[in-house]
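S.K.: To start, I am sharing the structure in question, which I have written as structure tokens.
Bear in mind these aren't lab numbers, they're just calculated from the coordinates by the rules spelled out. None of the values given here were measured: they were computed from a predicted structure. Methodologically, a virtual Cβ is constructed for each residue, glycine included, from the backbone with ideal geometry; neighbour enumeration extends over all protein chains shown.
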């Protein structure tokens, strides 16, 4: 004899079925790293994007990986995220702690990916597998040689790590420094040397010159010290991996606070320097004999001009304008005459709030890189607003570059990173 199902149970069962169907349709509700659904992808993969979650939970910092298809569609790698074994830094209104660039770096031969762990003073090295997945190399993570590592660059067989010594919530006990390591064939690192800086200047980026054996470093704080700290340091680097102090940097406009982003036009020997608390960047001629700089001019982007990247031809310069979450584009075919050809406010900026230098958008762009085919600009924006009750504004944007300008055709991808953390860093591996 069959059993009758009560009417109320029928209603409950139908409610469950309907809910399941709604969830299945609403793909955006799911954590895209869970692999719970397959995106509709067409064409081949052109790039793999790597960025850092910067999670400050113990040993939970990670690299997020995304595959980019020919049409510009970005799909999370189901194999990720890839734990660094280290720890990031927590969100804070200590602005200097988050003024950094090149936190994630591919080696020149594209065999390894390096990343900073600013919260526990370590760096991690991953070997890149044939499918783009990552595997920690022997000994990773290892000590960065200082406190609060934030930026990485590479010269010959040497990895240079900039230690900022500016943790957002914990005291630091050592001066900022540049620590140099030898990168071995298996991806392991061996410490070589260290060069210490003045306390309290909160350096933000290290850049190896292509015009000679020189290294440049930007300093975010110290501009209001007595005497003022240099906004830029110049070094020479020897074949043994040791730093030597180079010529003094040129004098800077006293109305411009600290420096951050650096980019070199290596074929024209010009260095660009961004000032993250203003709308301006400056450019300097590089002396190929000693690395000294001569001021050659200035240009204006938008508030918070903080970081740079270029396309593969090196004729287009993009600036991340952090304060208002926008991007500017300059034609630098003539490196001495940057010509603005476009600018764009990114989507999902969030409400404005009062910051150190005026009104800031909640979402703030901090890392950018072009695609391997120069058709797209990838931008990471982090949730900078101390109010975490207003939603999550950690995003990855994909901008289409068209005829010397750009546009954001699609909605940005919300990163699977809680808004109490500030994701950052961007490395692009062409396929």
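S.K.: Would you calculate a helix-derived [θ] at 222 nm for the chain, using -39,500 (n - 2.57) for each DSSP H run of n ≥ 4 and dividing by the full residue count, to the nearest 500?
M.R.: Helix contribution divided over all residues of the chain: -1500 deg cm²/dmol.
S.K.: Given a Förster distance of 41 Å, report the FRET efficiency between residue 345 and residue 240 from their Cβ-Cβ distance, rounded to the nearest 0.05. Numbers along the way, then the final one.
M.R.: Numbers: r = 48 Å, r/R0 = 1.16.
Efficiency at R0 = 41 Å is approximately 0.30.
S.K.: Mind giving me the nanometre distance, one decimal, between the label points for residue 296 and residue 131, set 7 Å out from Cα along Cα→Cβ?
M.R.: Modelled inter-label distance: 4.6 nm.
S.K.: Mind ranking 239-250, 197-208 by how tightly packed they are, going by the mean number of other C-beta atoms within 10 angstrom, highest first?
M.R.: Per-residue mean Cβ counts within 10 Å order the peptides as 197-208, 239-250.
S.K.: Shifting gears a bit: What residue among 284, 360, 173 has the largest mean-square fluctuation in a Gaussian network model of the chain, using Cα springs under 10 Å?
M.R.: 173
S.K.: Describe numerically, in nm with one decimal, the distance between label points set 7 Å from Cα along Cα→Cβ at residue 403 and at residue 373.
M.R.: So the label points at residue 403 and residue 373 sit 2.0 nm apart.
S.K.: Same structure, new question: Quick one: Cα centre-to-centre distance for region 371-414 and region 261-334, in angstrom?
M.R.: When both Cα centres are located, 20 Å separates them.
S.K.: Which of these, 306, 127, 326, has the largest mean-square fluctuation under a Gaussian network model of the chain (Cα springs below 10 Å)?
M.R.: 127
S.K.: Over all distinct alpha-carbon pairs, what is the Kirkwood Rh of the chain in angstrom? Numbers along the way, then the final one.
M.R.: Details: mean 1/r = 0.0450 Å⁻¹.
Over the chain, the inverse of the mean reciprocal pair distance is 22.2 Å.
S.K.: To the nearest 0.05, what FRET efficiency results for residue 357 and residue 184 with a Förster distance of 30 Å applied to their C-beta separation?
M.R.: Working from the Cβ atoms, E equals 0.10.
S.K.: Give the share of C-alpha pairs in each 5 angstrom bin for region 38-90, from 0 to the last occupied bin, in whole percents, shortest bins first.
M.R.: Values per bin, smallest distances first: 5, 22, 22, 17, 13, 10, 8, 2.
S.K.: If you don't mind, there's one more thing I want to ask. Want the number for residue 92 to residue 315: 0.36 nm per residue separation, take away the alpha-carbon distance, what's left? Let's see the in-between values first.
M.R.: Numbers: separation 223, 0.36 × 223 = 80.28 nm, distance 3.64 nm.
The residue 92-residue 315 span can extend by a further 76.6 nm.
S.K.: Let me ask something else. R0 = 51 Å: FRET efficiency of residue 226 with residue 44, Cβ-based, nearest 0.05?
M.R.: Numbers: r = 58 Å, r/R0 = 1.14.
After rounding, the FRET efficiency stands at 0.30.
S.K.: On a 0 to 90° scale, report how tilted helix 7-25 is relative to the longest principal axis of the chain, with both axes built from alpha carbons and the result rounded to the nearest 10.
M.R.: 30
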